[in-house]
Amino acid sequence: MLGLVAGLGAGWALDKGARGERPVAAGGGPTPTPERVPVTPSGEASAPAAVLDERVDAAADRFLLPSAPTGPTVAAPQPIDPLATDAAGLTVADRQAGLLSTAVPASAGGTLAVVPGSSPAPEPGTRVRTVRVEVEQGLDIDPALFADAVMVTLNDPRGWGGDGSMSFARTDGDAELRVVLASPALVDELCAPLKTEGTVSCGRDGRAVINHARWVQATQEFTDRTVYRQYVVNHEVGHLLGHGHVECPGAGAVAPVMQQQTVQVAPCTANGWPFPG
C-alpha cells in the first residue's frame with residue numbers, strides 16, 4: 001500500500017467504495033486509471049522500473065568525479081618579457097619608474113611640485129632620514145610612481161641603509177633630503193655652479209637633482225635602465241650623505257656607487273648599489 005500511495009501524486013484522494021480503494025480527482029471529474037503496480041512474490045509492491053532507474057542513477061551520481069568545467073578554455077598566463085615595449089615604446093620597468101613617454105624636453109617651465117603623500121621608514125629603530133620628492137611640472141611622468149621608485153631604491157637592503165645605519169621615510173612636508181626630477185635646463189640652474197651641461201645630475205644643498213633625460217634614457221654603458229636609475233638615486237643621495245667621488249678600482253670590478261658612472265663605467269661593471277653584496 002505504501003508503494004501505491006507514493007506512486008499516486010499529491011493532488012489525489014482515496015475513495016473507499018464497494019469495489020475497494022480507487023483514486024478520485026480531488027475536484028471531481030473523470031477518474032484516471034491508476035498505473036498497475038507490480039507486486040513481488042512476498043506480496044510487497046515494487047517500484048515501477050522508471051523509479052528504480054532514477055534511484056540507480058542518483059546513487060551512481062554520488063560516486064562520480066566532478067565533470068570538467070564547460071565553457072571556453074582559458075590560456076595559462078605567459079611570462080612578461082622585461083624587454084618588451086608597449087605602444088609608447090616603454091617597458092614594464094619604465095612604467096614602474098613613472099615614465100609616460102620617451103619624450104625628453106630640454107626644458108619644462110621650471111616649476112617644481114612636491115609629490116603628495118608619505119611613507120614610514122621600514123626600520124624605525126635606525127636613524128630615520130626624511131625625504132621629500134619633487135617633480136618639475138610639464139614632464140611626461142607619473143609623480144607618484146617616480147616617488148615610489150625613489151623610496152624603494154633608498155630602502156633596498158643594498159642601499160645606504162644596508163649596513164643598518166639608517167632608513168628613509170617620505171614626507172610631503174619639511175625634509176632633511178630632497179630628491180628632484182628636473183629637465184636638463186632646470187638641472188643646470190639648480191646645480192650651478194657645478195657644470196652639469198644639460199647632461200648629468202648632481203647632489204648639493206640638500207637636493208639630489210636627477211636629470212630627466214638620464215632617467216628616461218640612461219647611458220649607452222647601461223644595458224639595463226633600471227640599474228642606471230638605482231645608481232643615479234643612490235649616487236646623488238650619497239653626496240647629500242657626505243660621500244665624494246671615487247675611481248674604478250680595476251678592470252672587471254664592480255663599480256663603486258660613488259664612481260661617476262654616467263661619465264664612464266669601464267673598465268668596471270655597472271652597479272647601482274652602495275652594498276651590492
*Base-10 log of normalised Debye intensity for segment 126-240 (one unit scatterer per alpha-carbon) at q = 0.14, 0.23 Å⁻¹*: -0.53, -1.43
*Karplus (6.51, -1.76, 1.60) ³J(HN,Hα), θ = phi - 60°, over segment 223-240, in Hz, Gly and Pro reported as x*: 6, 10, 5, 5, 4, 5, 4, 5, 4, 5, 5, 5, 5, 6, 5, x, 4, 5
*Karplus-derived 3J(HN,Hα), 6.51/-1.76/1.60, for each residue of segment 109-125, Hz, glycine and proline x*: x, x, 9, 8, 10, 6, 6, x, x, 8, 8, x, 6, x, 10, x, x
*Hey, what do the phi angles of segment 147-164 turn into as Karplus ³J(HN,Hα) couplings, whole Hz, using 6.51/-1.76/1.60 and θ = phi - 60°, x for Gly and Pro?*
4, 4, 4, 4, 6, 4, 5, 5, 9, 5, x, 8, x, 5, x, x, 8, x
_18 Å reach of a label modelled at ASP140, 7 Å along Cα-to-Cβ, counting backbone N of segment 91-114_ = 91-110
*Which residues' amide hydrogens lie under 5 Å from the amide hydrogen of ALA208, considering only partners 5 or more residues apart or on another chain, with H built in the peptide plane?*
ARG178, VAL179, VAL180
*Using alpha-carbon pairs under 8 Å, 6+ residues apart, how would you state the relative contact order of segment 155-228 in percent?*
23 percent
_√(5λ) per eigenvalue of the Cα gyration tensor, segment 192-249, largest first, Å_ = 18, 14, 11
*Using modelled backbone amide H atoms (1.01 Å from N, in-plane), which distant-in-sequence or interchain residues come within less than 5 Å of VAL254's amide H?*
THR269
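FYI, it's all coordinate maths here, none of it is from the lab. Just so it is clear, the model here is predicted, and its values are computed rather than measured. Every residue, glycine among them, receives a Cβ derived from its backbone with ideal geometry; neighbour counts consider all protein chains shown.
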